[in-house]
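One structure below.
The values are calculated or read from the model by the stated rules, or taken from the named source; none is laboratory data. Predicted model, so just to flag it, every value in this text is computed and none were measured. When we count neighbours, we look across all protein chains shown, and the Cβ atoms used for this are built from the backbone with ideal geometry, even at glycine. Note: areas computed on protein heavy atoms with side chains; ligands, DNA, RNA excluded. Shrake-Rupley method; radii C 1.70, N 1.55, O 1.52, S 1.80 Å.
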Amino acid sequence: TDPRIITANIINAALGLLGTITIVLIVYGGFLGMTAAGNDDAVAKAKKIMIAGVIGLAIILSAYALATYIVESILEATA
């Protein structure tokens with residue numbers, strides 16, 4: 001019932017959902033690359049999707065680490 005814990009749970013759920021979507025994008029890019037059959041345009045598209053997915057995953061993981069650190073600091077300071 002503490003608003004800080006509710007906010008932390010919402011942030012964790014949102015970042016978990018974004019992480020799942022990013023993993024799906026990486027898998028989709030891999031599928032496109034595997035089914036490209038040597039088509040250079042399809043391979044380039046798959047590479048772009050996979051690179052964007054990896055960059056997005058790095059951003060999401062850093063946001064998760066930062067949010068976890070901030071929430072723990074706030075909870076320790078007010079406990």
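Cβ-Cβ distance below 6 Å, separation of 6 or more or different chains: which pairs start in the range 6-17 with a residue that is within 14 Å of Leu66 (Cα to Cα) and in contact (Cβ under 8 Å) with a residue 40 or more places away in the chain and end on one that is open to solvent by 50 Å² or more (accessible area, probe 1.4 Å) and outside any helix (DSSP H, G or I)?
The qualifying pairs do not exist here.
Looking only at residues in the range 34-79 that are in contact (Cβ under 8 Å) with a residue 60 or more places away in the chain and open to solvent by 70 Å² or more (accessible area, probe 1.4 Å), which one is nearest to Leu15 (Cα to Cα)?
Per the criteria, the residue is Ile74.
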